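Heads up, the thing below is written out as structure tokens.
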Amino acid sequence: MKTSEQIRQSLLDLGPYASSREIYKHCEAKYGTKPSPQQIYEAVGSQKERRAETYNGRELMDVKRFCRQKFNGDFNRLNGALRVVISMEKNGTPSGSKTNYGTVKPVFLKDNQ
């Protein structure tokens with residue numbers, strides 16, 4: 001099997017959210033090959049492109065509208081807020097509970113937002 005085929009198979013095994021580093025480690029563990037970043041890019045495209053293909057245009061426009069309405073268009077603040085929420089979910093901290101940052105109030109969105 002060629003290196004490019006191994007890279008493509010690794011992406012299928014790992015899923016569309018796999019990073020280039022994860023693909024590299026999978027190829028190394030499963031096939032014993034060490035693909036270069038250029039080989040990964042040529043075989044499956046950039047990591048950014050692969051992630052962008054998992055969202056449709058409607059979802060992206062909804063995120064953009066939400067950012068404008070709730071965060072005054074500041075994507076860095078939205079990114080920070082999402083990181084806090086994700087870390088809370090990973091650590092098993094329920095929404096609305098006390099954290100080191102004070103009380104976090106859950107946000108409920110209307111269906112049309």
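Looking only at residues in the stretch 6-23 that are under 15 Å from the mean Cα position of the chain (by Cα) and over 13 Å from GLY45 (Cβ atoms), the one that is surrounded by the most Cβ atoms within 10 Å (Cβ to Cβ) is GLU22. The criterion of at least 3 residues that are in contact (Cβ under 8 Å) with a residue 12 or more places away in the chain and under 26 Å from TYR24 (Cβ atoms) is met, among helices (runs of 4 or more DSSP H) falling completely within the stretch 47-92, by 47-52. Just to be sure I understand, how many residues within the stretch 28-70 are surrounded by fewer than 12 Cβ atoms within 10 Å (Cβ to Cβ) and touching a Gly at 6+ places or on another chain (Cβ under 8 Å)? Residues meeting the conditions: 0. Every test in (1) surrounded by 12 or more Cβ atoms within 10 Å (Cβ to Cβ); (2) closer than 30 Å to GLN6 by Cβ; (3) modelled with pLDDT under 85 is passed by THR93 save one, and that test is (2). Among the residues examined, THR3 qualifies as surrounded by 12 or more Cβ atoms within 10 Å (Cβ to Cβ), touching a residue at least 40 places away in the same chain (Cβ under 8 Å) and farther than 28 Å from GLY73 by Cα.
The values are calculated or read from the model by the stated rules, or taken from the named source; none is laboratory data. Model, not experiment: these values are computed from the prediction. Using ideal geometry, Cβ is built from the backbone for each residue, glycine included, and neighbour counts are taken over all protein chains shown.
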